[in-house]
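The values are calculated or read from the model by the stated rules, or taken from the named source; none is laboratory data. Every value quoted in this text rests on a predicted model; they were computed, and no experiment measured them. With ideal geometry, Cβ positions are generated from the backbone for all residues, glycine too; neighbour counts draw on all protein chains shown.
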Amino acid sequence: MNSEDTTLIILSFTFIISLIWSNYAYAETAFMANQYKLAHDPTICILEHEDKNMPEIGKKLVKETEYAILDWEAKLKDATRVRNGWNLESKVIKLNEINSYDFSNCDIQIRFKDQPDNEEEKFYTLGLTFLDKKTLSPIVEIYYLQIDPGIQIQTERQGNTVYYWYEYHPSYLNIPRGTLQLAFVIRHEIGHALGLGHYMVYDKSTKESWATGSISPPSIMIPEAPDYSKRAGIAPLDIDKMVSIYGYEGFGNISGNGSKIHTIPLPYLLKSYESEKIGFSIDYPADWKQDNNQNPEQGNLLVSFADNLQNQYGLLNVELITKSEANTLNDADYLEHITELSKKYCEEMTLKIEKLKCSNFSLLDSKVIQVDGKKAYQIKYSNILTDSTGDFTPFLNISTVIPVDDNIWVINAVYASIVQSDFADEIDSSINSFKIKSEKISIPIDTAKSIETQDITKNEPVETLAEPTSMKNNTETKEITKNDSSEKSTMPLWIKNNAKWWADGQIDDNTFVSGIQFMVKNKIINVSQSLETSEQSEQKIPDWVKNNAKWWSEDQITETDFTKGIEHLVKIGIIKVN
């Protein structure tokens, strides 16, 4: 494939801005729904573990797990006054038995590892509970190594402004976690195996109080282990939730004696959203809320859902880009382009948005799938968002791009990795439920936002990652006089952003010139044919042109004045247009 003939499509990924914590006094709390419950009193199999670097760790882990199981059983029996129910039988599987043991006899398995196998779970996951698809029994993994977060402060000076942000370069230490933290994590994960979801809070101050141990958490199921775990244990709220799931008499014996049915699957609780105006539908988690402040069904962003409208752990958006040029990329290049754009957006946020820094971008998966019977391109990646206080949250992101004729549908899903077990299956179901009701899309031009779609070559990308107006950097404030001209703009918003970034030295000359070439070729800027030149000049762009770009981006000169400067660049051969 000739790279000079390649058409790229630039997408504006602006969907993760509101996912970082803010200082709202909004202390709504709730248990997340789980996707199964136990079918009867469980047998919990504890697999012995051996670590040659830590000979004693295996025995310690087994002992702490046995204590945790007894703790859950005793508190359930005492709270409900039921002595014949809520029975938790534990069985230790010896090292020499593991390879030959029939695990269909286990309702719950508890395994130990020094660290997670999957990259997306490393460094931010202390334990994980998932449902084995073959046996339908919960499997608990406890990760016992200490983590060094490797916090580093990064700075960059741009003019009179110094930007700083935190970056994390974590690593595992060859020492185990403390006894109190292990006790918390084991009880927490057993709670998941018994059928509890995370206990969520949407207020930063409350979250910090729980995390530091200054206030004892009201549930063992909070998604982050407190620093002082001795203050966190199985709480009355946890017992009340268990009773609401199973009743007072215990887990019951729904499947009958001797049956190897371990769990009862619960349906994903989804609601359906349908837009007759635009012509699409999608299911979303039933306990999530639609964000009506996002101006749904106007412009790129059609609809947005979040688990909470003030501060979110999870977000699901549908965007539409219309009138895009035909895409000639092969599948591998298309996926690579989406990945590079997402990575670039993370880098741009770090330099442009005060109080919100994005780092540690890592691609986890990249594949071609089918959505509504149509080819779709999907990437999954992780990153970290850090606020101005240094508080950070690791996120998982799924971007699904569906080209249909000259339109591009984009489904963006983001959720905090610490609540992956609560959101992952519902998000996958939501993405797979997406349907296009009509091939003809009608969005009123006067109400649509700027649709940032460019036809450019692969070797000369134009960056169109628009900085959200609500999150612009406020570290440097200048008083300017606005131009009062009523001139109507004919240029897309992205080129004005490019002009500002170019004037500030945040993008180079070639990137800015590529955007101008696109506008000239597509007659967004009309240049006389007599001015065209086929030879590229080596002359440096004059400083006054860059000044014009800055003034135009700040509305101090008109678009016409700026365009005259562009015509001059074409005339002297700095920009080649034919």
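Looking at the stretch 293-300, is at least one residue modelled with pLDDT of 85 or more and either surrounded by fewer than 20 Cβ atoms within 10 Å (Cβ to Cβ) or within 27 Å of Y202 (Cβ to Cβ) (or both)?
No: the stretch 293-300 contains no residue that is modelled with pLDDT of 85 or more and either surrounded by fewer than 20 Cβ atoms within 10 Å (Cβ to Cβ) or within 27 Å of Y202 (Cβ to Cβ) (or both).
Is it true that Q517 is modelled with pLDDT of 70 or more and either buried (at least 17 other Cβ atoms within 10 Å of the Cβ) or among the aromatic types (F, W, Y) (or both)?
Against the criterion (modelled with pLDDT of 70 or more and either buried (at least 17 other Cβ atoms within 10 Å of the Cβ) or among the aromatic types (F, W, Y) (or both)), Q517 qualifies.
What are the residues in the stretch 366-395 that are small (G, A, S) and exposed (fewer than 14 other Cβ atoms within 10 Å of the Cβ), if any?
Selection gives G373, S388, G390.
Filter the strands (runs of 3 or more DSSP E) completely within the stretch 124-220 down to those with at least 3 residues that are over 28 Å from D307 (Cα atoms) and more than 26 Å from the chain's Cα centre (by Cα).
The qualifying strands (runs of 3 or more DSSP E) are 171-176.
Here is a check on your reading of the model: is D238 at pLDDT 90 or above, under 29 Å from the mean Cα position of the chain (by Cα) and surrounded by 16 or more Cβ atoms within 10 Å (Cβ to Cβ)?
Judged against the criteria, D238 is a match.
Would you check which residues across the stretch 520-542 are modelled with pLDDT under 75 and closer than 29 Å to E156 by Cβ and list them?
The one that is modelled with pLDDT under 75 and closer than 29 Å to E156 by Cβ: K540.
Please pick out the residue among L309, L335 that is out of contact with any Cys (no Cβ under 9 Å at 6 or more places or on another chain) and at pLDDT 90 or above.
L335
Here is a list: I98, I46, I151, I93. Which entry is closer than 30 Å to S244 by Cα and touching a residue at least 40 places away in the same chain (Cβ under 8 Å)?
Testing whether each residue is closer than 30 Å to S244 by Cα and touching a residue at least 40 places away in the same chain (Cβ under 8 Å) leaves just I46.
Would you please list the contacts, defined by Cβ atoms under 8 Å and residues six or more apart or on different chains, that run from a residue in the stretch 546-559 that is touching a residue at least 12 places away in the same chain (Cβ under 8 Å) and in the same structural domain as I507 (by TED's automatic domain parsing) to a residue that is among the small types (G, A, S) and surrounded by fewer than 18 Cβ atoms within 10 Å (Cβ to Cβ)?
T558/S485; E559/S489
If I filter the stretch 92-115 for residues that are at pLDDT below 95, touching a helix residue (DSSP H, G or I) at 6+ places or on another chain (Cβ under 7 Å) and either on the phi < 0 side of the Ramachandran plot or assigned by TED's automatic domain parsing to the domain that holds N383 (or both), do I get at least one hit?
Checked the stretch 92-115: no residue is at pLDDT below 95, touching a helix residue (DSSP H, G or I) at 6+ places or on another chain (Cβ under 7 Å) and either on the phi < 0 side of the Ramachandran plot or assigned by TED's automatic domain parsing to the domain that holds N383 (or both).
If you go through the stretch 400-425 one residue at a time, how many are over 9 Å from the mean Cα position of the chain (by Cα) and either in a strand (DSSP E or B) or under 24 Å from E348 (Cβ atoms) (or both)?
10
How many of the residues in the stretch 356-399 are farther than 16 Å from C346 by Cα and part of a strand (DSSP E or B)?
Counting residues in the stretch 356-399 that are farther than 16 Å from C346 by Cα and part of a strand (DSSP E or B) gives 12.
Sort out which residues of the stretch 49-71 are farther than 16 Å from G191 by Cβ and either touching a residue at least 40 places away in the same chain (Cβ under 8 Å) or touching a helix residue (DSSP H, G or I) at 6+ places or on another chain (Cβ under 7 Å) (or both), and write them in order of number.
Across the stretch 49-71, the qualifying residues are H49, E50, D51, N53, M54, I57, G58, K60, L61.
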